[in-house]
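Working notes, structure below.
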Amino acid sequence: MHVVLPTPSDDPALPDAETGPLVRFGGPRFGLIVSKAVGTAVVRHRVARRLRHICAGLMADLPADADVVIRALPGAATATSADLDRQLRSAFRKLAFDIGPTRLDQSGAS
């Protein structure tokens, strides 16, 4: 997982207003990479849907200007939604983001 937060430019010729994107709406952005190594098209789309659902629940806990890229590994094909949620939240906590506990039940809901 990669997280990019904008920082002020080191170039003194650029004012701080020009270091960020010109237009940005809606909070943090998430990019998902689910390669063919994860499984068939049906499996890849299922993994992507699960990750999108989890990311929607994380939006309130991340800075509005964060760009997050998540690469699903082959093990994501057999992981439950609760497992994926737990792993993503753990990764964000390791990056020093204040992410709350999992929002999915622990019964293995998909």
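The table that follows gives values for the structure above.
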quantity: Single match in Arg52, Arg86, Arg71 (criterion: among the charged types (D, E, K, R) and surrounded by 15 or more Cβ atoms within 10 Å (Cβ to Cβ)); calculated: Arg86
quantity: Answer from Val34, Val69, Val38 - the residue that is more than 13 Å from the chain's Cα centre (by Cα), modelled with pLDDT of 75 or more and not acidic (Asp, Glu); calculated: Val38
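The values are calculated or read from the model by the stated rules, or taken from the named source; none is laboratory data. What you see is a predicted model; the values in this text were computed from it and never measured. For neighbour counting, all protein chains shown are included, and Cβ atoms are generated from backbone atoms with ideal geometry for every residue, glycine included.
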